[in-house]
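Enquirer: Before we start, here is the structure in question, set down as structure tokens.
Read-outs: derived from the displayed coordinates by stated rules, not from any lab. This is a predicted model, so every value here is computed, not measured. Cβ placement follows ideal geometry from the backbone for every residue including glycine, while neighbour counts extend to all protein chains displayed.
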Amino acid sequence: MLQKIVSIILLLVLPNLCFASFQCKSNAVAHEGDTAAEVEIKCGQPMSISRQGKVTIKGELVDLERWVYNPGYGKFYQILEFHNGVLVSVKSGPRT
């Protein structure tokens with residue numbers, strides 16, 4: 001019985017760990033695969049946007065942008081990376 005409960009919990013939790021996501025101040029959640037427009041609607045304008053232009057990543061030419069959000073005092077900056085306007089990763093930066 002315990003094994004079944006653990007298995008069910010893992011099935012519910014693990015898929016969420018495989019995808020980048022960011023919880024905005026509005027409590028909306030931006031997920032990997034969202035477009036830049038969807039993220040801006042959910043989270044508002046970022047603190048900064050760094051447009052790298054066309055770069056080659058894993059042999060593919062992509063338009064690279066990095067957005068930085070400040071989630072509030074004492075929390076970690078959130079760095080969102082977009083390839084061709086689609087969210088592909090969320091990383092934590094330094095504390096605010």
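Enquirer: Based on the inverse mean of 1/r over its pairs of different Cα atoms, what is the Kirkwood hydrodynamic radius of segment 20-95, in Å?
Expert: In segment 20-95 this quantity evaluates to 12.5 Å.
Enquirer: Just to be sure I understand the model, the point goes 7 Å from the Cα along the line to the Cβ. What's the resulting ARG51 to TYR77 distance in nm?
Expert: According to this spin-label approximation, the distance is 2.0 nm.
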